[in-house]
Amino acid sequence: TNDLCLEMGIPGEIDHPKVSTAVDKLVAACKRHGKWAGIGGVYEPGLLTRHINQGVQMILAGNDVTLLLDAATEKARLIKECDKR
């Protein structure tokens, strides 16, 4: 999604209305040709929901670093919670 934003002249603005319009066009083209619509670089829950509702079927919603950090953060939270018991 960031690559698309850069090409559209709106770098980093993944929530820009132009991106939503482009995703609509992507989904429509994929449906016409019997393909799955997919995008990457979407990490925010609100945008994930929006794109899924638009018909996107495959989303890369994390990378190795963010997935590992999220898992480690959750594990640390669990350990702290156990300590309170």
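Readers should treat all values here as calculations from the given coordinates under stated rules, not as data from a laboratory. From a predicted model like this one, the values you see are computed outputs, not experimental measurements. Cβ coordinates were reconstructed from backbone atoms using ideal geometry, including for glycine residues, and neighbour counts include every protein chain displayed.
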*Counting Lys and Arg as +1 and Asp and Glu as -1, what is the net charge of the other residues whose Cβ lies under 15 Å from the Cβ of Asn2?*
-4
_Length gained when the stretch Asp15-Glu74 is fully extended (0.36 nm per residue, less Cα-Cα span)_ = 18.6 nm
*Which of the aspartates and glutamates could a cross-linker span from Lys18 if the Cα-Cα distance has to be under 12 Å and same-chain partners fewer than 8 positions apart are dropped?*
Glu7
*Extension gain Gln57-Glu81, at 0.36 nm per residue separation less the Cα-Cα distance, in nm?*
5.1 nm
*Give me His33, His16, His51 ranked fewest to most by other Cβ atoms within 10 Å of their Cβ, as a rough exposure proxy.*
His33, His16, His51
*Choose one answer from Gly40, Gly55, Gly12: the residue with the largest mean-square fluctuation in a GNM of the chain with alpha-carbon springs under 10 Å.*
Gly12
*For the chain, with a Gaussian network of springs between Cα atoms less than 10 Å apart, report the residue from Ala72, Ala22, Ala37 with the top mean-square fluctuation.*
Ala72
_Just to check I understand the Karplus step: with θ = phi - 60° and J = 6.51 cos²θ - 1.76 cosθ + 1.60, what whole-Hz values come out for the stretch 55-60, glycine and proline as x?_
x, 5, 9, 9, 10, 7
*Contour minus end-to-end for Trp36 and Met8, with contour as 0.36 nm per residue of separation and end-to-end as the Cα-Cα distance?*
7.8 nm
*Expressed as an acute angle from 0 to 90° and rounded to the nearest 10, what is the orientation of the C-alpha long axis of helix 64-83 relative to the principal long axis of the chain?*
30 degrees
*In a Gaussian network model over the chain where Cα atoms closer than 10 Å are linked, find which of Lys18, Lys35, Lys75 has the largest mean-square fluctuation.*
Lys75
*What ³J(HN,Hα) values, in whole Hz, does the Karplus curve 6.51 cos²θ - 1.76 cosθ + 1.60 give for the stretch 17-32 when θ = phi - 60°, with x put for Gly and Pro?*
x, 4, 5, 4, 5, 5, 5, 4, 5, 4, 4, 4, 5, 5, 4, 4
*14 Å beta-carbon shell around Glu44, net charge (K/R +1, D/E -1)*: -2
_Given charges at beta-carbon only (K, R positive; D, E negative), |dipole| of the chain in Debye_ = 340 debye
*Can you work out D for the stretch 2-83 in µm² s⁻¹ from Stokes-Einstein, where Rh is the Kirkwood radius over C-alpha pairs, the temperature is 25 °C and the viscosity is 0.890 mPa s?*
171 µm²/s
_the chain: calculated mean residue ellipticity at 222 nm from DSSP helix runs of at least 4, using -39500 (n - 2.57)_ = -19500 deg cm²/dmol
